[in-house]
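A.B. asks: I'd like to ask you about the structure that follows.
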């Protein structure tokens, strides 16, 4: 990286906000995925203007840049694979405005998702997308990945709640797109930007939809001795005309790990638990809970628990929210698969996942958003064992192939990043990839914004090794 | 460059059959803002659409896609219009998967027909733009049309899971998929939704569905003035209530739909609220809204049961289009939610100042105001200045004003979309990437794209 | 090449899967936003050392410098990695090879190791303060000759008491024969030098609770040495205390009202587990140790005859929190039982206040940022009294109140109990 660029960066944000010592570069070479690559510099920014000037400087020197929030990305979206400048947004973490009459909030991208929720709750409002990583993942990261979470089945994903952005385009121009008002004329650039994994620019302000907290909520947990029974129950609930706010499942390995770390009172010998939540107006919640409990039992649940109060509800959720981390207790590392399938295909796909585990001699516990068919097989391994890691990548690819074959897709919420670049060709032919390149070129003709992500290698198909 | 008409006609006739190709005077009925196409072609399959578009591309013919013809007036007059590609024969329901609440339908399927198919399995697509009887799947997506129930369910961008689009080259591509959670690559659906056929032709869409609500009701009231009606809306938005739709009506709009609402003979401003869901919640919401209306000093209120509700809302939804006529000017204002009523008033003021008749219906809680002006014999410059003043007001409030329809002569003087905004350079590049030769609906979109 | 000291921690280090959840609980990271301030970053350094990707240089070790050792991360880390152990072990490995600054060597190996020297050092500090020498040393920059990072010393410690609390074995309180319990009182450095009035209050409260108290002639518990990575000094100090307190077996409990001391003493068994002569006595001593409120509640001494009017909120010292010795219910129980006192729960009560012993002097900006967050929470409660059970916390919280212009009185729980013992209705 040109020495003059470093000097320019220092001039823009001050010397203390530009890191290029070896140790610091090492610390910005990773995120929550399994790869590492050092950037050439890390810059801390505090305003849209600083971001714009940094990006312009990078442009002048043809140096790529990677925006970063909390670095909790699971697919390698924040790893600077082509070097360049990591633009660290974490200090831009203010809530700029809460506009209740217009049901909107304006926030900076470095704000943790949970902190937005905590600020809104006392006012009686909420921001609906609440991914499991919400206490460590930022709004900017949510925008980049179009994050999901357990409430997507009823309430949608991040893109359904992001209505406007201030974006620093890859050439350094600042553009405010979308906004508080509906149906901004022109192309839906906001919609194109959400989920673009930092490859189309950097958002420095987010306008989100906020809604009233639900009047009531009822949470149930059903315990099954067969995984299929749990997933069949989910289909039955939907067939009965109900749209629960969440339908989450975990299998036995996960339950055991979670119990060990949090002790939330889950039985260690069941095959799966299903967490169901219904919310909305209080008038029919009891009846819905009763109907759902009946359906659970009708499909073989050995026990159904209904949370009596907020504390119990939090306890039922604590296990699910800690699932990934809890699994980390029993293994040095894991690969989180992120396929999505039509919901009715879940039992068959889960069977196939178990087969893949046996085939590659790997333990694969499962956590999944059963309402929307987004599954997270967690392939356990020791990252220090290279041979095992190779088997893990192959198993991951087979699982994604299974998802696609079942009518689904390769990524439900974690993004493509580095991890699933090759797998893009499982769902897209060359024409589909070319239209995505058109979008990329419209925003970033010089390919400086988070290059080396998302798009598969041209022409030939590389299998993950 | 004008297309080589004869060669193209032959080629298109080969592709779709002579009976599905119109030219000459027969094509006049497919004019867009006074621009008559040379040819109107009606392909019968998605593959035929590909071939048709490819054939047009060979000779550089400018294409205007068309569905049910309900949003033909949206946008600026076309810079060029050689061929109208009509999707009305693509009427297959490709796949309906009730267990997974997903349906894939071709672009020419009319929304009302689609809803009937879905209703047989007690499901529905929560999209309710005007003229569902004619509005097509492709059209509603390309024009991003919506209706009152966007309040609870959102719009096309919240309901489309996947698309098939024929690009200006004639190549057909898939976007998205069949599942709710999909972040495999860019969200290309969003690029095409609302793109008004300027990037390609949508030939198929996959939607997510909802179970049909077990019950529904409507509560409606009449108020002496707008602030009183607006105050009820504000209270409703601050409450836990979850109405499906809330429509504010000016006296003219109210008069038009009053019979359906059971409120004939009462003049004033109307507020109609739709609630849907389980019987328990419908009962509770109907009760609560009735109370809100009376506390808000409604002159008169009425409650409708399920059947009457459906009929009433059909009337409300279709209202601006019904009143349009051939001389009407229809505008859609989008503003932050709290400005809905104020802009209904501003839209009224415009009419009052010029002595024009107007009917205005607003999706309260969504920030959308739809006004239809009978500008009568007004001079184009006067209409333009009036619309521009209202638009400036909307844009100052961080909103927009879009001209949805106007007589062709007037259209020439009007800017349909308003200010291009800060992302416009990207939009231009996007258009250039997809349609470098400018063959798809040229000139109709924002900023003359 | 593997670093031998780090080998026992390899499995722990390997378990960091970089999820980044520690961001939710690391107070320093929330101030700086820099990865090196975050546990995940510290684990990455450890991983680099483990794999030989990083060398054990000053630059690398300095990246770990600003760790509070508070385990705020551990609470959010599901493998429950103890970042503090990894950080102190790396510091230990480094100084074993590179040596340590002179002031540390003198302090840990000489001054803290002996109660007499310790008291003289304390008296010296008081004298330097009261003569204005300490202020002068900081203003002229002379203080920075000891360590270039020293900053804010006189702001954080504006005054020192006239008289320190004198160590030396003596017995007070109830008659031994009639006493409910016979306890040894372990004097903490922080309390004896900065807050001797707290010590006096504690002894009165314990006496009134029916205890016969023997003030022990202990030296520093040794935690500061351990925190800086001087494990040898820490073990030496521990051995000396074990010898000095060989009479511990005679007591029902060894009590300290400093959370850091009591928690560290409870680790003596682990600290000296590999030394045959000391392992058992150290473990025996550790088993006797009780923190102040732990002891009182265990004794059943809850409730007071007098009143204290006002509102109180409680800050959990790190070492008493659920991340260390888990004494969180007892202080609250005692406070809630004081008539007249309205108890308000502090948001993020167990988040570190930023003092971390001497951390605030060497990382003043980070510490102040951490403190600001804490004081913001205190302000939210509207409480007039801020109670805690640790001298470093008391010092720092009082500093925080001054910084913010917040009208809140910082008190040790023992002082509030002492005030409630008298008939006087007003808090002292």
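The values are calculated or read from the model by the stated rules, or taken from the named source; none is laboratory data. Remember, it's a predicted structure, so these values are computed and weren't measured experimentally. Ideal geometry is used to build each Cβ from the backbone, glycine not excepted, and the neighbour counts take in all protein chains shown.
Yes/no per residue for (1) in contact (Cβ under 8 Å) with a residue 60 or more places away in the chain; (2) within 11 Å of another protein chain (Cβ to nearest Cβ); (3) in contact with a strand residue (DSSP E or B) (Cβ under 8 Å, 6 or more places away or on another chain):
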{"residue": "A:212", "(1), (2), (3)": "yes, yes, yes"}
{"residue": "A:220", "(1), (2), (3)": "yes, no, yes"}
{"residue": "A:225", "(1), (2), (3)": "yes, no, no"}
{"residue": "A:245", "(1), (2), (3)": "yes, no, yes"}
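A.B. asks: Scan segment B:97-124 residue by residue and report those that are away from chain A (no Cβ under 14 Å), surrounded by 21 or more Cβ atoms within 10 Å (Cβ to Cβ) and either under 28 Å from residue B:368 (Cβ atoms) or free of Cβ contacts under 8 Å to residues at least 12 places away in the same chain (or both).
C.D. replies: B:105, B:107, B:108, B:109, B:110, B:111, B:114, listed by residue number.
A.B. asks: Confirm whether residue C:353 is within 17 Å of the chain's Cα centre (by Cα), at pLDDT 95 or above, outside any helix (DSSP H, G or I) and closer than 13 Å to residue C:314 by Cβ.
C.D. replies: Yes, satisfied.
A.B. asks: Considering only residues of segment A:74-102 that are closer than 30 Å to residue B:239 by Cβ and touching a strand residue (DSSP E or B) at 6+ places or on another chain (Cβ under 6 Å), which is nearest to the other protein chains (Cβ to nearest Cβ)?
C.D. replies: Restricting to residues being closer than 30 Å to residue B:239 by Cβ and touching a strand residue (DSSP E or B) at 6+ places or on another chain (Cβ under 6 Å), the top hit is A:97.
A.B. asks: I'm checking my understanding of the structure. Among residues of segment C:356-368 that are under 19 Å from the mean Cα position of the chain (by Cα) and outside any loop (DSSP other than H, G, I, E, B), which one is nearest to residue C:229 (Cα to Cα)?
C.D. replies: Within segment C:356-368, the match that is nearest to residue C:229 (Cα to Cα) is C:359.
A.B. asks: Pick out the one residue from B:394, B:389 that is touching a helix residue (DSSP H, G or I) at 6+ places or on another chain (Cβ under 8 Å), at pLDDT 95 or above, under 16 Å from residue B:331 (Cβ atoms) and surrounded by fewer than 18 Cβ atoms within 10 Å (Cβ to Cβ).
C.D. replies: B:389
A.B. asks: Also: Only one of these is surrounded by fewer than 24 Cβ atoms within 10 Å (Cβ to Cβ), within 25 Å of residue A:324 (Cβ to Cβ) and facing another protein chain (nearest Cβ under 10 Å): A:197, A:115. Name it.
C.D. replies: Sole residue among the options that is surrounded by fewer than 24 Cβ atoms within 10 Å (Cβ to Cβ), within 25 Å of residue A:324 (Cβ to Cβ) and facing another protein chain (nearest Cβ under 10 Å): A:115.
A.B. asks: Would segment A:21-35 turn up any residue that is farther than 18 Å from residue A:450 by Cα, over 21 Å from the mean Cα position of the chain (by Cα) and either away from every other protein chain (no Cβ under 14 Å) or part of a loop (DSSP other than H, G, I, E, B) (or both)?
C.D. replies: Checked against the condition, which is being farther than 18 Å from residue A:450 by Cα, over 21 Å from the mean Cα position of the chain (by Cα) and either away from every other protein chain (no Cβ under 14 Å) or part of a loop (DSSP other than H, G, I, E, B) (or both), segment A:21-35 yields at least one hit.
A.B. asks: Considering only segment B:233-264, state which residues are surrounded by fewer than 20 Cβ atoms within 10 Å (Cβ to Cβ) and within 22 Å of residue A:212 (Cα to Cα).
C.D. replies: B:234, B:235, B:238, B:239, B:240, B:242
A.B. asks: Can I ask one more? For residues that are at the interface with another protein chain (Cβ under 8 Å from one of its Cβ atoms), touching a residue at least 40 places away in the same chain (Cβ under 8 Å) and on the phi > 0 side of the Ramachandran plot, tally how many sit in segment B:140-188.
C.D. replies: 1
A.B. asks: Still on this model: Among the listed residues A:412, A:396, A:407, A:417, identify the single one that is more than 8 Å from every other protein chain (Cβ to nearest Cβ) and outside any helix (DSSP H, G or I).
C.D. replies: From the options A:412, A:396, A:407, A:417, the qualifying one is A:417.
A.B. asks: Could you grab me the full set of residues in segment B:265-283 that are within 14 Å of chain A (Cβ to nearest Cβ) and either under 28 Å from the mean Cα position of the chain (by Cα) or surrounded by fewer than 20 Cβ atoms within 10 Å (Cβ to Cβ) (or both)?
C.D. replies: Within segment B:265-283, B:275, B:276, B:277, B:279, B:280, B:282, B:283 meet the criteria.
A.B. asks: How many residues, within segment C:319-350, are in a helix (DSSP H, G or I), touching a residue at least 60 places away in the same chain (Cβ under 8 Å) and surrounded by fewer than 24 Cβ atoms within 10 Å (Cβ to Cβ)?
C.D. replies: Number satisfying all stated conditions: 1.
A.B. asks: For segment C:34-78, what are the residues that are surrounded by 21 or more Cβ atoms within 10 Å (Cβ to Cβ), facing another protein chain (nearest Cβ under 9 Å) and in a loop (DSSP other than H, G, I, E, B)?
C.D. replies: Within segment C:34-78, C:34, C:38, C:63, C:77, C:78 meet the criteria.
A.B. asks: Can you name the number of the only condition in (1) buried (at least 23 other Cβ atoms within 10 Å of the Cβ); (2) at pLDDT 95 or above; (3) assigned to a loop (DSSP other than H, G, I, E, B) that residue A:54 fails?
C.D. replies: (3)
A.B. asks: Here are some residues: A:148, A:140. Which one is at the interface with chain B (Cβ under 7 Å from one of its Cβ atoms) and either out of contact with any helix residue (DSSP H, G or I) (no Cβ under 8 Å at 6 or more places or on another chain) or modelled with pLDDT under 95 (or both)?
C.D. replies: A:148
A.B. asks: Please find, among C:97, C:109, the residue that is surrounded by fewer than 18 Cβ atoms within 10 Å (Cβ to Cβ) and touching a helix residue (DSSP H, G or I) at 6+ places or on another chain (Cβ under 8 Å).
C.D. replies: Testing whether each residue is surrounded by fewer than 18 Cβ atoms within 10 Å (Cβ to Cβ) and touching a helix residue (DSSP H, G or I) at 6+ places or on another chain (Cβ under 8 Å) leaves just C:109.
A.B. asks: Test residue A:202 against the stated conditions and say whether it is facing chain B (nearest Cβ under 9 Å) and crowded, with 24+ Cβ neighbours inside 10 Å.
C.D. replies: Here the answer is no, as residue A:202 does not meet what is asked.
A.B. asks: Of all residues in segment A:39-51, which are surrounded by fewer than 24 Cβ atoms within 10 Å (Cβ to Cβ) and not in a helix (DSSP H, G or I)?
C.D. replies: A:40, A:44, A:46, A:47
A.B. asks: Continuing with this model, one more query. Does residue A:109 count as in contact with a helix residue (DSSP H, G or I) (Cβ under 7 Å, 6 or more places away or on another chain), under 27 Å from residue A:10 (Cβ atoms) and not assigned by TED's automatic domain parsing to the domain that holds residue A:12?
C.D. replies: Here the answer is yes, as residue A:109 does meet what is asked.
A.B. asks: Now a separate question. Among residues belonging to segment A:364-375 that are away from every other protein chain (no Cβ under 11 Å) and at pLDDT 90 or above, point out the one that is farthest from residue A:247 (Cα to Cα).
C.D. replies: So, considering only residues that are away from every other protein chain (no Cβ under 11 Å) and at pLDDT 90 or above, the one farthest from residue A:247 (Cα to Cα) is A:364.
A.B. asks: With the requirement that a residue be buried (at least 20 other Cβ atoms within 10 Å of the Cβ), assigned to a helix (DSSP H, G or I) and facing chain A (nearest Cβ under 7 Å), what does segment B:397-449 give you?
C.D. replies: Selection gives B:426, B:427, B:430, B:434, B:446.
A.B. asks: Take the residues in segment B:189-219 that are within 24 Å of the chain's Cα centre (by Cα) and facing another protein chain (nearest Cβ under 7 Å), then tell me which one is farthest from residue A:346 (Cα to Cα).
C.D. replies: Among those that are within 24 Å of the chain's Cα centre (by Cα) and facing another protein chain (nearest Cβ under 7 Å), it is B:195.
A.B. asks: Residue by residue through segment C:1-33, note down the ones that are facing chain A (nearest Cβ under 7 Å), farther than 22 Å from residue C:353 by Cβ, free of Cβ contacts under 8 Å to residues at least 60 places away in the same chain and outside any helix (DSSP H, G or I).
C.D. replies: C:18, C:19, C:20
A.B. asks: Taking into account only those residues within segment A:306-355 that are part of a strand (DSSP E or B) and under 16 Å from residue A:149 (Cα atoms), which is nearest to the other protein chains (Cβ to nearest Cβ)?
C.D. replies: A:340
A.B. asks: Among the residues of segment B:1-10, which ones are at pLDDT below 90 and assigned to a helix (DSSP H, G or I)?
C.D. replies: If the condition is that a residue be at pLDDT below 90 and assigned to a helix (DSSP H, G or I), then B:5, B:6 are the ones that fit.
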